[in-house]
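Structure, as structure tokens:
The values are calculated or read from the model by the stated rules, or taken from the named source; none is laboratory data. As the structure is a prediction and not an experimental result, all values here were calculated from the model. No Cβ is skipped: glycine too gets one built from the backbone with ideal geometry, and neighbour counts run over all protein chains shown. Ligands, DNA and RNA are excluded from the accessible area calculation, which covers all protein heavy atoms including side chains. Shrake-Rupley method; radii C 1.70, N 1.55, O 1.52, S 1.80 Å.
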Amino acid sequence: PAPLTQSWRSPGEPRAPFSLPPPRWPVECEVIQETIEHIEWVPPKPEPFCPPMSPEQALHPLGEEQGTVVYDSSPVLQGSCFTRARVRGAPGPLSSPAAPLEGPQDTTLLFESRFESGNLQKAIKVGPYEYVLMLRPDLYTAKHTQWFYFRVQNTRQEPLYRFTIANMAKPKSLYGQGLRPLLYSQRDAQSRGIGWRRVGTDVRYCRGSAGERPLFRLSWTVRFPHDGDTCFFAAGYPYTYSDLQRYLRALAADPARSRYCAVQALCRSLAGNTVYLLTVTGPGGAAGKRAVVASARVHPGESGGSWAMRGFLDFLLSAHEDARLLRRLFVFKVVPMLNPDGVVVGNSRCSLAGRDPNRAYGMALPGSFPGVWHLRAMVQRVLAEREVVLYCDFHGHSRKNNVFMYGCDAGGDGTGMRLAQRVFPLMLSKNAPDKFSFSSCKFQVQKSKEGTGRVSMWRLGVSHSYTLEVAFSGSTLGGRSSHFSVEDLKSLGRLLCDTLLDFCDPAPAKLQQCLVEADALLQRQMGREPGSGGSWRDVSPSELES
């Protein structure tokens, strides 16, 4: 990787300005000029799940025939694949996708999503305060509709509004188990310091259409907090490419933190956006140290992974004595946003190649999947120099509550190694008992997952390689039944650091205790008495998890 800037120098040396170019967009995408930023806020008490509603079968059609199109922002693609990009996207004057208001008494909402990470393709008004919404599929595909993030203006405080997203892609969703959408009121942010909050009553998720590829409907009712407000809805707390760049800019300006962190360009994305690589270690350089590799946002719609990564970096670069110890022991290689193009355009899963990059690690295609190709190549180079203790890829999960991990147990290793695969997640569950579910962890290496980062790094020789899955919703553990806040998500990064110190503790007591406990748990799963002995060599991972 080539240095991004010459600003990373010894304390006291002059620093060059740290410039970060604005995001580059495919030329088909229109982009509004306004900069969209949101304040961070933690609700004073946990936000409970919505009581689950019965998943009624939606038989009646919902479409343009049932109402009036009041917003239509479908990009006119110049072919079936990505061709070129530029800052600010499409050249020339912007179109007007929202229907104009007929006067001050017109209560029609004004929709907008042509900003970074925004996703809303169409809005249809089917009643005075009821709207049917259509999400834009991932660019250059016809599927993967899950992430949404859009703005509404011309709100009224008194009426009860109902929104229905009519083209959700997944048959199962946490919206059927109490997950609620997020709302951000600009007026509340400016006057009361209140940021994103969970809203919505009568939240339902049900099948909406039959056919070869059935679609599903998410609907909710809500009252806006003010008349004439500017509000945003989102599937998760947004974390954009520009948010990452602002974080890196603040890092560069901090003389204390920048001493421990070098920022480089791992590569450029298809659109020409920088995929950043952060190297974090303490004084004395990297000689004799083992490595830890972490990555996030290979799936752009899983924004919770970015907030967990933010917490990981915040702690790692802090003055805490455990953070200093981690920097003294390890070299950290961190790629906080593997798929910046997907994040910029508001995709759910794909890059601009129109495919899931977390199934492309096994392909020798640096031109199609530069982020994952260069990450894998970087890990190969690191492995040639030193042991990589851990690889962790931060993700979000749309169907299961809590936080959990996927690991790698192919069944061919000895009993000790197969138990050792379970130790790190078990330790993390002890450090985060109100968030992390060890019973939800899976270790089977399925053939369909061979192209993932987790399995690819394990095949390279990283013996402890994991996907960290953070629920879109929240936790049902430790007496909780509530959504994750941004602070909850960031705390996961700190807890991961705590667990790394436990895992690598030279005193073997914690490790031995977890090995014994993991063995007992597996014995019970197989219907055996703990301590009865017996080898796991002949028990397949699928049998263990059945």
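Could you please give the count of residues in the stretch 211-262 that are within 16 Å of Glu116 (Cβ to Cβ), touching a Ser or Thr at 6+ places or on another chain (Cβ under 7 Å) and not polar (S, T, N, Q)?
4
Of the residues in the stretch 314-336, how many are part of a helix (DSSP H, G or I), open to solvent by less than 10 Å² (accessible area, probe 1.4 Å) and under 14 Å from Thr279 (Cα atoms)?
Matching residues across the stretch 314-336 total 3.
Would you check if Gly272 is open to solvent by 10 Å² or more (accessible area, probe 1.4 Å), farther than 30 Å from Gly127 by Cβ, modelled with pLDDT of 95 or more and over 22 Å from the mean Cα position of the chain (by Cα)?
Taking the combined requirement at face value, the residue does not satisfy it.
Of the residues Ala123, Ala142, only one is surrounded by fewer than 23 Cβ atoms within 10 Å (Cβ to Cβ) and hydrophobic (A, V, I, L, M, F, W, C); which?
Ala142
Going through the stretch 160-211 one residue at a time, which ones are outside any strand (DSSP E or B), free of Cβ contacts under 8 Å to residues at least 60 places away in the same chain, farther than 16 Å from Ser398 by Cβ and open to solvent by less than 10 Å² (accessible area, probe 1.4 Å)?
Asp188
From the list Asp243, Asp254, which one is farther than 23 Å from Ser348 by Cβ and among the acidic types (Asp, Glu)? Spell out how you get there, then give the answer.
Details: Asp243 fails: farther than 23 Å from Ser348 by Cβ.
Result: Asp254 is the single residue among Asp243, Asp254 that is farther than 23 Å from Ser348 by Cβ and among the acidic types (Asp, Glu).
Of everything in the stretch 23-41, what is surrounded by 13 or more Cβ atoms within 10 Å (Cβ to Cβ) and either at pLDDT below 95 or within 18 Å of Arg86 (Cα to Cα) (or both)? Give them in sequence order.
Those that are surrounded by 13 or more Cβ atoms within 10 Å (Cβ to Cβ) and either at pLDDT below 95 or within 18 Å of Arg86 (Cα to Cα) (or both): Pro23, Arg24, Trp25, Pro26, Val27, Glu28, Cys29, Glu30, Val31, Ile32.
Could you please let me know if Met134 is open to solvent by 40 Å² or more (accessible area, probe 1.4 Å), under 23 Å from Arg355 (Cα atoms), touching a strand residue (DSSP E or B) at 6+ places or on another chain (Cβ under 6 Å) and of a type in the set (A, V, I, L, M)?
Details: open to solvent by 40 Å² or more (accessible area, probe 1.4 Å): yes; under 23 Å from Arg355 (Cα atoms): yes; touching a strand residue (DSSP E or B) at 6+ places or on another chain (Cβ under 6 Å): yes; of a type in the set (A, V, I, L, M): yes.
Taking the combined requirement at face value, the residue satisfies it.
Tally up the residues in the stretch 499-524 that are open to solvent by less than 80 Å² (accessible area, probe 1.4 Å) and in contact with a helix residue (DSSP H, G or I) (Cβ under 9 Å, 6 or more places away or on another chain), please.
Number satisfying all stated conditions: 15.
Please go through the stretch 131-159 and pick out each residue that is assigned to a loop (DSSP other than H, G, I, E, B) and within 20 Å of Ser473 (Cβ to Cβ).
Leu135, His144, Thr145, Gln146, Trp147, Phe148
Are there any pairs with C-beta distances below 8 angstrom linking a residue in the stretch 502-520 that is within 21 Å of Arg290 (Cα to Cα) and touching a residue at least 60 places away in the same chain (Cβ under 8 Å) to a residue that is open to solvent by 40 Å² or more (accessible area, probe 1.4 Å) and acidic (Asp, Glu), with the two at least 6 apart or on different chains, and if so which?
Leu511/Asp505
Could you look through the stretch 374-399, keep only residues that are farther than 23 Å from Leu460 by Cα and part of a loop (DSSP other than H, G, I, E, B), and pick out the one that is least open to solvent (accessible area, probe 1.4 Å)?
Result: Ser398.
Identify the residue in the stretch 349-373 that is open to solvent by 10 Å² or more (accessible area, probe 1.4 Å) and among the small types (Gly, Ala, Ser) and, among all such residues, is farthest from Ala234 (Cα to Cα).
Ala364
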